[in-house]
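Accompanying notes for the structure given below.
The values are calculated or read from the model by the stated rules, or taken from the named source; none is laboratory data. Please read all numbers here as calculations on a predicted model, not as lab measurements. Cβ sites come from the backbone with ideal geometry, for glycine too, and all protein chains shown count toward neighbours. Keep in mind that these areas ignore ligands, DNA and RNA; they rest on the heavy atoms of the full protein, side chains included. Shrake-Rupley method; radii C 1.70, N 1.55, O 1.52, S 1.80 Å.
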Amino acid sequence: MVGVATATLVKNSRSTRSTIALKLLMAVTGLVFIGYVLAHMYGNLKAFAGHDSFNEYAEHLRTLGEPLLPYSGLLWVIRVVLLVSLALHVYAAVTLWRRAQTARGGTKYVVKKNKHSSFSSHLMRWGGVTLLLFIVWHLLNFTVGKVNVTGGATNDPFNLMVDSFSVWWLTLIYLVAMFMLGTHLHHGVWSAGQTLGFTNSARQRLVWKRAGLVVAVVVAGGFSLVPLGVLTGVISK
Amino acid sequence: MKLTLKIWRQAGPQAEGGIRTYDVDEISEDMSFLEMLDVLNEQLINDDEEPIVFDHDCREGICGSCDLMINGEAHGPEVTTTCQLHMRSFRDGETITVEPWRAAAFPIIKDLMVDRSAFDRIIARGGFVSVNTGAAPDAHATPVPKENADRAFDVATCIGCGACVAACPNGSASLFLGAKITHLGELPQGQAERDTRVASMVAQHDHEGFGGCTNIGECTSACPKGIPLDVISQLNKDLRTAIRHGH
Ligand code: HEM
Ligand code: SF4
Ligand code: FES
C-alpha cells in the first residue's frame, strides 16, 4: 500500500485556529458591513429630499452623540470599527482563498460541472477584490480626497455628489460596484447565516437565502437610485 | 452501446499522468459503470496492456470506494455511487471522461485510485463515542426523541466516499465532517465528547490540507446519500460552542 508520509494525528486542537474560526470572523465582520451599508444607503436616499436635507444629514452625522462625544466622534468610532473589520475580513478571505487553491491540488479536472452553486457564490472572491478597489476609490472621491472631476467645488457634499454622477464613467463605475455589492450580499447573507450556525433545517436555509436576495436587492438597488436619479434629472443642483 | 472513454492514466503517485482514449463496444445498458470498466479492462488484458486501476469494493452502494469523476460530475450524472450507476444513463456513441477525485488531501495512488485515508484519520480523532464494552444495554434504555433519531439516522448514511471533496471548488470536507458531527451530536450518547469531538475533528480536517467551506453547495448536489447542507451549519454551530467552552 502506498502510505502518505505525513499521515499524522493532530495533538493539540485549538478551535480558534481553525478554518471555521476564520469563516466566523468573515461572517461577523460581514454582518457589520451589512448593518453599515443599510444605514449608508438610507442616508444617501436623502438626496431625493434636496440639497439642504442631504447636507444637513451629513452634518447631523458629525454632531451625533454630542456633547457626550466630541464633534465627529461617533463618525470616527464607526470608521475605526469599519476599517478594523475590513482588515480582518480581507485577511480571512485571502487566507482561505490561498488555502482553497492548495487544497484543490495541483492538477485541474479536465471536465468539471458545477451543478448547484449560484452565480453570486462564484463571484465572492473577485467580487470582493472589486469591492475593495471601489472602497478605496469611493473614499478618495467623497471622503478623504474629495476629488471633483468636473473641477467644481468639493466642500459641499450634495453638489460634489451631483457633479460626480453627471460624469458618465463615474456613474458606470458606481453602478458596476453596486452590482458586485449585490451579488456579494446575495451569497454573503446566507453564507454568514450558515457559518454562524443559524441554518440547521431546510426551512431556515430557505429563509436565509431569501433574506440574502432581499438585502442584495434593497441595498444595491437603493444605492443605485441616487446616480440614476441624477442621470434622469430627478436630483439636480 | 458503443462508447469512447477518455480515462486518466497515471503509473504511480509521483508519475506524470494524462488522459488516454479507449473505445468499447457491445456495452449493455443494464451494466453498471464499473462493469463497463471491467469489460474495458478485459479488453486491455487481452491486448497485453495494463488494466486501469480503479477503486471498488461492495458494488452495492454502501462502502463508498468507487470514487470516479465522470464527465465532470462525482459518480456521474445520477445521485448515486458509481457502482450503482447504469450505462442507460449515457447515450450510445457518447464520449465519457473519467478522472480520479482531485484534492491535495486525496493523493493519487495509481490511475483512478486515490488514497482517502485522510477521512479515516478524521474519524480517528473523534468520530466515535467512548463506552465501556460489556453486556449490550437494552435497546430502549436510552430514549431518543424521534426527531433527533431521524436526523441522526439520515446523516449517518454518509459512506465516506469523498464525492463532496471532489466536487468542492475549495477542496473542503465540510459535508463529510458535518455529517459525522451531526450524527453523533443528535444522540444522547454523543453528548459527553461533543466539544472535544468537533475541536479535534476540525483540527484534523485542516491538518490534512482540506480547504475551508464557502457554503456554495456543490458538495450536497454531488453526495450520493443526499446529505443536506444544514449539517455544515450544525458543524459551525458546534465549533462555535466549543470555542465558547474554551476548546
Ligand atoms: C473589500 C474586499 C472584500 C473581499 C475581498 C471580500 C471577500 C469575501 C469572501 C471571499 C467571502 C466568503 C465567501 C463565501 O463564503 O463564499 C466574503 C463573505 C462575506 N462578505 Fe465579503 N469581501 C469584501 C468586502 C465586503 C463588504 C464591503 C461587505 C459588506 C457590504 C462584505 C460582506 C460579506 C458578508 C456578509 C459575507 C458572508 C460571511 C460568510 O461567508 O460567512 N464583504 N467576503
Ligand atoms: S457527505 Fe456524502 S459525498 Fe461526502 S463523504 Fe459522505 S456520502 Fe460521500
Ligand atoms: S463499490 Fe461500494 S459504494 Fe460503490
Residues that are over 11 Å from B:ASP111 (Cβ atoms) and in contact with a Phe, Trp or Tyr (Cβ under 7 Å, 6 or more places away or on another chain), drawn from the stretch B:6-47 | B:ILE19, B:LEU40
Which of the following residues is of a type outside the set (S, T, N, Q), surrounded by 19 or more Cβ atoms within 10 Å (Cβ to Cβ) and more than 16 Å from ligand 1 (Cβ to nearest atom): B:PRO188, B:PRO228?
-> B:PRO228
In the stretch B:57-99, how many are in contact with a helix residue (DSSP H, G or I) (Cβ under 6 Å, 6 or more places away or on another chain) and over 22 Å from B:ASP23 (Cβ atoms)?
-> 7
Are any residues in the stretch A:160-177 open to solvent by 40 Å² or more (accessible area, probe 1.4 Å) and not in a loop (DSSP other than H, G, I, E, B), and if so, which ones?
-> A:TRP168, A:TRP169, A:LEU172, A:ILE173, A:LEU175, A:VAL176
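Taking the condition out of contact with any Ser or Thr (no Cβ under 9 Å at 6 or more places or on another chain) and either more than 14 Å from chain B (Cβ to nearest Cβ) or over 29 Å from B:GLN204 (Cβ atoms) (or both), does A:LEU25 pass?
On the way: out of contact with any Ser or Thr (no Cβ under 9 Å at 6 or more places or on another chain): yes; either more than 14 Å from chain B (Cβ to nearest Cβ) or over 29 Å from B:GLN204 (Cβ atoms) (or both): no.
No.
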Looking only at the stretch A:144-156, which residues are under 12 Å from A:LYS237 (Cα atoms) and open to solvent by 50 Å² or more (accessible area, probe 1.4 Å)?
-> none
Just name the residue that is nearest to ligand 2 (Cβ to nearest atom) out of those in the stretch B:188-227 that are within 8 Å of another protein chain (Cβ to nearest Cβ) and free of Cβ contacts under 8 Å to residues at least 24 places away in the same chain.
-> B:GLY217
Any idea how many residues of the stretch A:101-125 are more than 14 Å from A:GLY212 (Cβ to Cβ) and part of a loop (DSSP other than H, G, I, E, B)?
-> 13
Mind checking which pairs have a first residue in the stretch B:55-66 that is assigned by TED's automatic domain parsing to the domain that holds B:GLU78 and within 6 Å of ligand 3 (Cβ to nearest atom) and a second that is part of a loop (DSSP other than H, G, I, E, B) and among the acidic types (Asp, Glu), Cβ under 6 Å, 6 or more apart or different chains?
-> B:CYS63/B:ASP57; B:SER65/B:ASP55; B:SER65/B:ASP57
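Condition (residue is free of Cβ contacts under 8 Å to residues at least 60 places away in the same chain, hydroxyl-bearing (Ser, Thr, Tyr) and within 22 Å of A:ASN114 (Cα to Cα)) applied to the stretch B:128-136: is it met by at least one residue?
Narrowing the stretch B:128-136 to residues free of Cβ contacts under 8 Å to residues at least 60 places away in the same chain: B:128, B:131-136.
Narrowing the set further to residues that are hydroxyl-bearing (Ser, Thr, Tyr) leaves B:133.
If we keep only those that are within 22 Å of A:ASN114 (Cα to Cα) too, we end up with none.
No, every residue in the stretch B:128-136 fails to be free of Cβ contacts under 8 Å to residues at least 60 places away in the same chain, hydroxyl-bearing (Ser, Thr, Tyr) and within 22 Å of A:ASN114 (Cα to Cα).
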If you check B:CYS83, B:CYS168, which single one turns out to be within 14 Å of chain A (Cβ to nearest Cβ) and either within 30 Å of B:GLY246 (Cβ to Cβ) or open to solvent by less than 30 Å² (accessible area, probe 1.4 Å) (or both)?
-> B:CYS168
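Just need a number here: residues in the stretch B:217-247 that are of a type in the set (Val, Ile, Thr) and within 14 Å of A:THR199 (Cβ to Cβ). Please lay out each step first, then the result.
In the first step, residues of the stretch B:217-247 are kept if they are of a type in the set (Val, Ile, Thr); the result is B:220, B:227, B:231-232, B:241, B:243.
Now narrow it down to the ones that are within 14 Å of A:THR199 (Cβ to Cβ): B:220, B:231-232.
So the count comes out to 3.
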Does any residue of the stretch B:67-77 turn out to be more than 14 Å from chain A (Cβ to nearest Cβ), charged (D, E, K, R) and either over 23 Å from B:PHE106 (Cβ atoms) or away from ligand 1 (no atom under 16 Å from the Cβ) (or both)?
-> no
Apart from one, (1) under 24 Å from B:VAL155 (Cβ atoms); (2) of a type outside the set (D, E, K, R); (3) open to solvent by 50 Å² or more (accessible area, probe 1.4 Å) all hold for B:THR21; the odd one out is (1)
List pairs: first in the stretch A:114-125 and more than 14 Å from A:HIS184 (Cα to Cα) and at the interface with chain B (Cβ under 7 Å from one of its Cβ atoms), second open to solvent by 40 Å² or more (accessible area, probe 1.4 Å) and part of a helix (DSSP H, G or I), Cβ under 8 Å, 6+ apart or cross-chain?
-> A:ASN114/A:HIS122
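Determine whether B:THR142 is surrounded by 18 or more Cβ atoms within 10 Å (Cβ to Cβ), of a type in the set (Ser, Thr, Tyr) and in contact (Cβ under 8 Å) with a residue 12 or more places away in the chain.
Details: surrounded by 18 or more Cβ atoms within 10 Å (Cβ to Cβ): no; of a type in the set (Ser, Thr, Tyr): yes; in contact (Cβ under 8 Å) with a residue 12 or more places away in the chain: yes.
Against the criterion (surrounded by 18 or more Cβ atoms within 10 Å (Cβ to Cβ), of a type in the set (Ser, Thr, Tyr) and in contact (Cβ under 8 Å) with a residue 12 or more places away in the chain), B:THR142 does not qualify.
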Kindly provide the set of residues from the stretch B:238-247 that are within 7 Å of another protein chain (Cβ to nearest Cβ) and either surrounded by fewer than 24 Cβ atoms within 10 Å (Cβ to Cβ) or modelled with pLDDT under 95 (or both), ordered by number.
-> B:ARG240, B:ALA242, B:ILE243, B:HIS247
Flagged in the stretch B:228-247 as within 11 Å of ligand 2 (Cβ to nearest atom) and among the hydrophobic types (A, V, I, L, M, F, W, C), in numbering order, are B:LEU229, B:VAL231, B:ILE232
For the stretch B:34-57, state whether one or more residues are under 23 Å from B:GLU16 (Cβ atoms) and within 11 Å of another protein chain (Cβ to nearest Cβ).
-> no
Hey, can you tell me all the residues within the stretch A:43-65 that are open to solvent by less than 40 Å² (accessible area, probe 1.4 Å), under 22 Å from A:VAL77 (Cα atoms) and assigned to a helix (DSSP H, G or I)?
-> A:GLY43, A:ASN44, A:PHE54, A:ASN55, A:ALA58
